[in-house]
1. Quick test of your reading of the structure: Thr99 fulfils all but one of (1) on the phi > 0 side of the Ramachandran plot; (2) without any contact (Cβ under 8 Å) to a residue 12 or more places away in the chain; (3) surrounded by 14 or more Cβ atoms within 10 Å (Cβ to Cβ). Name the failing condition by number.
2. Which count do you get for residues in region 196-206 that are touching a Phe, Trp or Tyr at 6+ places or on another chain (Cβ under 8 Å) and surrounded by fewer than 23 Cβ atoms within 10 Å (Cβ to Cβ)?
3. Please find, within region 185-215, the residue that is farthest from Arg43 (Cα to Cα) out of those that are at pLDDT below 90 and in a loop (DSSP other than H, G, I, E, B).
4. If Leu111 satisfies all but one of (1) under 15 Å from Gly186 (Cα atoms); (2) surrounded by fewer than 17 Cβ atoms within 10 Å (Cβ to Cβ), what's the number of the condition it fails?
5. In region 23-80, which residue that is in a loop (DSSP other than H, G, I, E, B) and β-branched (Val, Ile, Thr) is modelled with the highest pLDDT?
6. Within region 127-149, track down each residue that is more than 20 Å from Leu40 (Cβ to Cβ), without any contact (Cβ under 8 Å) to a residue 40 or more places away in the chain and not acidic (Asp, Glu).
7. Condition first: surrounded by fewer than 16 Cβ atoms within 10 Å (Cβ to Cβ) and at pLDDT below 95. Now tell me which residues in region 142-151 satisfy that.
8. Mind checking which residues of region 119-149 are farther than 12 Å from Ser182 by Cα, touching an Asp or Glu at 6+ places or on another chain (Cβ under 9 Å) and of a type outside the set (Phe, Trp, Tyr)?
Amino acid sequence: MIKSRIKIGKATNSTIIGVQTGPTLDEVQRAVRQEFTDLLTLRDPPDFTAPSKLASALYYCEAADRGALGFAVNNSGFIVHPAVLGALKQVRHLASGVTYSPEAISSGNLLAAIRVSAHSVGLVPAYRPQPEFTETLFTFDEHGEECPLSVVAIGLVGRIESKSESLIIRDGFAARFTPPRSLIGGPVLNEAREVMGVAVGSTKLGFLVVQPWAEIQSCIILNVETMARSSSDS
């Protein structure tokens with residue numbers, strides 16, 4: 001809560017005694033920039049002392065000097081993780097502690113896909129580009145506990161500074177959580193335990209920026225290849 005005091009030169013029959021001025025717009029913007037950190041990488045594996053029921057879908061993806069939280073998207077060992085990691089050394093299943101050698105599949109500028117030779121528990125996408133303002137979302141904190149989120153902005157465009165480059169988030173959304181909880185990135189889910197997006201960056205003030213996971217149009221392609229019919233097919 002920000003306390004304020006209003007300074008006035010003269011007042012009649014008033015109990016107002018003064019105002020403490022708040023920060024300027026420039027000061028607020030500067031503070032947000034200073035507090036804003038990306039959630040794409042982790043220095044150490046998350047400590048899931050209180051494992052979530054969804055922990056079976058989560059993996060610690062480890063590169064040479066850092067790691068990140070990845071999650072399975074099907075039941076056949078297909079996992080996505082932040083692309084900023086580059087080549088991975090190993091992948092550790094958070095629920096069991098079992099490690100795997102990853103096989104690189106594809107990579108974009110935000111997420112990369114790998115495969116491990118094991119059964120996995122895939123998280124289901126919500127197939128919605130934006131959440132509702134009235135719904136409660138959640139993600140995970142450093143202890144593996146679910147952290148509730150309230151939606152505060154949709155259709156967001158923002159710039160996230162990662163360790164290697166600036167990422168532009170388009171059509172993202174923002175949510176609020178109660179600080180001082182420390183988030184670890186990874187999936188952002190709705191109450192139906194469907195993936196609404198990927199946590200990209202947060203502030204110590206309790207704001208989270210999310211990149212939506214996928215629209216149904218980009219997840220399900222109904223077109224098939226066609227070819228001209230020959231006269232004998234008529």
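The values are calculated or read from the model by the stated rules, or taken from the named source; none is laboratory data. Because the structure is a prediction, the values reported are computed rather than measured. Neighbour counts run over all protein chains shown; Cβ positions are idealised from the backbone, glycine included.
1. So the condition that Thr99 fails would be (1).
2. 2
3. Glu215
4. (2)
5. Going through region 23-80, the residues in a loop (DSSP other than H, G, I, E, B) turn out to be 23-24, 36, 39-41, 43-54, 63-66, 73-77.
Still in the running and β-branched (Val, Ile, Thr): 24, 41, 49, 73.
Values: Thr24: 57, Thr41: 88, Thr49: 73, Val73: 93.
Once the filter is applied, the top-ranked residue is Val73.
6. Phe133, Thr134, Pro148
7. Glu145, Glu146
8. Filtering region 119-149 for residues farther than 12 Å from Ser182 by Cα gives 119-138, 148-149.
Filter once more, keeping what is touching an Asp or Glu at 6+ places or on another chain (Cβ under 9 Å): 123-130, 135-138.
Hits for region 119-149 are Leu123, Val124, Pro125, Ala126, Arg128, Pro129, Gln130, Glu135, Thr136, Leu137.
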